[in-house]
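Here's the structure, in structure tokens; my notes come after.
The values are calculated or read from the model by the stated rules, or taken from the named source; none is laboratory data. Quantities reported herein were computed from a predicted structural model and do not represent experimental measurements. Neighbour counts run over all protein chains shown; Cβ positions are idealised from the backbone, glycine included.
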Amino acid sequence: MPELPEVEVVRSGLDRWVTGRVIGTAAVLHPRAVRRHLAGAADFTGRLAGRTVTGTRRRGKYLWLPLDDGTALLAHLGMSGQLLVGEPDRPDERHLRVRATFADGGADVRFVDQRTFGHLLVAELVPDAFGGTVPEPVAHIAADPLEDAFDDEAFFRALRRRRTGVKRALLDQSLISGVGNIYADEALWRARLHWARPTETLTRAEVTRLLAAVREVMAAALAAGGTSFDSLYVNVDGESGYFDRSLDAYGRRDLPCGRCGTPIRRDVFMNRSSFSCPTCQPRPRRARA
DNA sequence: AGCTGGCCCTGAAGGC
DNA sequence: TGCCTTCAGGGCCAGC
């Protein structure tokens with residue numbers, strides 16, 4: 001389940017392979033992979049043919065390749081999406097959805113996605129709220145916590161205005177982008193906050209602690225090449241990261257908390273798992289799922 | 001307007 | 001053995 005660190009590993013891995021190269025042809029092998037490209041698969045491939053890739057960019061969990069005509073190839077990996085680089089004559093992967101070849105005949109780029117929650121599209125680059133440009137579908141999301149543009153004070157004020165639980169807020173990409181279920185649980189564990197804590201009761205010191213925890217856990221995951229909890233996330237060479245060995249809360253049901261030894265508990269809300277330490281992260285009297 | 005829950009999708013794993 | 005159920009979850013959107 002790729003979150004910010006995993007997407008960044010993919011972006012940086014892709015960079016030297018694609019920057020400056022001219023796209024030859026693209027092929028869509030599964031229509032669902034381009035379902036958000038509303039003009040359809042033929043328009044999608046038509047917009048890529050002959051374009052030069054000018055770089056690689058990322059915000060939160062979105063990754064894009066700016067093209068030489070003011071558009072960009074945008075990718076969201078969803079739960080199981082992979083962008084793989086390799087020799088064009090290798091066999092098709094089982095869940096190959098989109099293939100892009102290059103005019104020089106060298107290594108191609110493939111979008112492989114078992115669960116089909118991921119997608120690709122081509123969109124115009126538009127100005128964002130921070131003086132840069134982003135693909136149009138990315139314009140509505142917040143900066144991610146590793147960007148200079150992220151405003152800690154504005155995040156604190158937004159949390160105080162909300163009437164929801166802190167984990168739900170962490171997963172809301174319009175407040176802070178790039179955080180998914182794994183890093184939300186890890187950051188809350190590090191900051192000793194329960195997932196159901198009402199955001200309007202958070203103090204400035206707690207939000208500062210939480211943001212520091214988000215940044216620390218993401219930086220550590222990045223350094224380890226990302227997390228691969230269920231082996232579906234891989235870098236452009238098809239290799240898994242090993243940060244899952246360093247997880248303190250996520251997936252550790254009934255295992256001892258690394259700080260106090262209390263068994264980690266698993267709760268279900270938002271139809272997903274939340275792992276926390278009952279001692280370090282006591283449930284607030286007033287809880288908001 | 002802000003917030004919540006349902007839905008999309010596939011394959012692995014567990015239960016009977 | 002084999003079938004059925006459960007689980008993984010990001011983002012969109014309907015509806016309250």
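Exactly one residue out of A:ALA143, A:ALA107, A:ALA100, A:ALA129 is away from DNA strand B (no atom under 12 Å from the Cβ) and outside the structural domain of A:PRO66 (by the TED database): that is A:ALA143.
Pairs linking a residue in the stretch A:155-168 that is more than 14 Å from A:ALA142 (Cβ to Cβ) to a residue that is near DNA strand B (Cβ under 9 Å from one of its atoms), with Cβ atoms under 6 Å and 6 or more positions apart or on different chains, are A:ARG160/A:GLU200; A:THR164/A:THR199; A:THR164/A:ARG288; A:GLY165/A:ARG288; A:GLY165/A:ALA289; A:VAL166/A:THR199.
Residues that are surrounded by 17 or more Cβ atoms within 10 Å (Cβ to Cβ) and either within 16 Å of DNA strand C (Cβ to nearest atom) or not charged (D, E, K, R) (or both) within the stretch A:199-211 comprise A:THR199, A:LEU202, A:VAL207, A:LEU210, A:LEU211, listed in sequence order.
Among the residues making up the stretch A:72-85, those that are closer than 16 Å to A:VAL18 by Cα and without any contact (Cβ under 8 Å) to a residue 60 or more places away in the chain are A:LEU73, A:ALA75.
One line per residue, one yes/no per condition, for (1) over 14 Å from the mean Cα position of the chain (by Cα); (2) surrounded by 15 or more Cβ atoms within 10 Å (Cβ to Cβ):
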site: A:PHE117; (1), (2): no, no
site: A:ASP128; (1), (2): yes, yes
site: A:GLY132; (1), (2): yes, no
site: A:PRO135; (1), (2): yes, yes
site: A:PHE150; (1), (2): yes, yes
site: A:GLU153; (1), (2): yes, no
site: A:ALA158; (1), (2): yes, yes
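Scanning the stretch A:65-79 for residues that are farther than 14 Å from A:ARG11 by Cα and touching a Ser or Thr at 6+ places or on another chain (Cβ under 8 Å) yields A:LEU67, A:ASP68, A:GLY78.
Taking the stretch A:1-45 as the range and being in a helix (DSSP H, G or I), more than 12 Å from DNA strand C (Cβ to nearest atom), in contact with a Phe, Trp or Tyr (Cβ under 8 Å, 6 or more places away or on another chain) and not hydrophobic (A, V, I, L, M, F, W, C) as the test, only A:PRO5 passes. In the stretch A:46-82, of all residues being among the polar types (S, T, N, Q) and outside any strand (DSSP E or B), the one that is nearest to A:HIS140 (Cα to Cα) corresponds to A:THR56. Within the stretch A:74-81, does at least one residue satisfy the condition of being more than 16 Å from DNA strand B (Cβ to nearest atom), assigned by the TED database to the domain that holds A:VAL28 and either of a type in the set (Lys, Arg) or crowded, with 23+ Cβ neighbours inside 10 Å (or both)? The answer is yes, given that some residue of the stretch A:74-81 is more than 16 Å from DNA strand B (Cβ to nearest atom), assigned by the TED database to the domain that holds A:VAL28 and either of a type in the set (Lys, Arg) or crowded, with 23+ Cβ neighbours inside 10 Å (or both).
When A:THR56 is tested against (1) surrounded by fewer than 19 Cβ atoms within 10 Å (Cβ to Cβ); (2) touching a residue at least 40 places away in the same chain (Cβ under 8 Å), only condition (1) is not met. Taking the criterion of being closer than 21 Å to A:LEU77 by Cα, touching a Phe, Trp or Tyr at 6+ places or on another chain (Cβ under 8 Å) and away from DNA strand C (no atom under 13 Å from the Cβ), would at least one residue in the stretch A:162-169 satisfy it? Within the stretch A:162-169 (the criterion being closer than 21 Å to A:LEU77 by Cα, touching a Phe, Trp or Tyr at 6+ places or on another chain (Cβ under 8 Å) and away from DNA strand C (no atom under 13 Å from the Cβ)), the answer is no, since none of the residues qualifies.
Would you check if there is a residue in the stretch A:14-22 being under 14 Å from A:LEU120 (Cβ atoms), assigned by the TED database to the domain that holds A:ALA103, in contact (Cβ under 8 Å) with a residue 24 or more places away in the chain and surrounded by fewer than 18 Cβ atoms within 10 Å (Cβ to Cβ)? Looking for residues that are under 14 Å from A:LEU120 (Cβ atoms), assigned by the TED database to the domain that holds A:ALA103, in contact (Cβ under 8 Å) with a residue 24 or more places away in the chain and surrounded by fewer than 18 Cβ atoms within 10 Å (Cβ to Cβ), one finds none in the stretch A:14-22, hence no.
Within the option set A:VAL112, A:VAL122, being touching a His at 6+ places or on another chain (Cβ under 8 Å) and away from DNA strand B (no atom under 12 Å from the Cβ) holds for one residue only, A:VAL122. When A:PRO31 is tested against (1) in contact with a helix residue (DSSP H, G or I) (Cβ under 7 Å, 6 or more places away or on another chain); (2) touching a residue at least 24 places away in the same chain (Cβ under 8 Å), exactly one condition is not met: (2). Residues in the stretch A:81-135 that are among the hydrophobic types (A, V, I, L, M, F, W, C) and within 16 Å of DNA strand C (Cβ to nearest atom): A:LEU83, A:PHE111, A:VAL112, A:PHE117, A:LEU120, A:LEU121, A:VAL122, A:ALA123, A:VAL126, A:VAL134.
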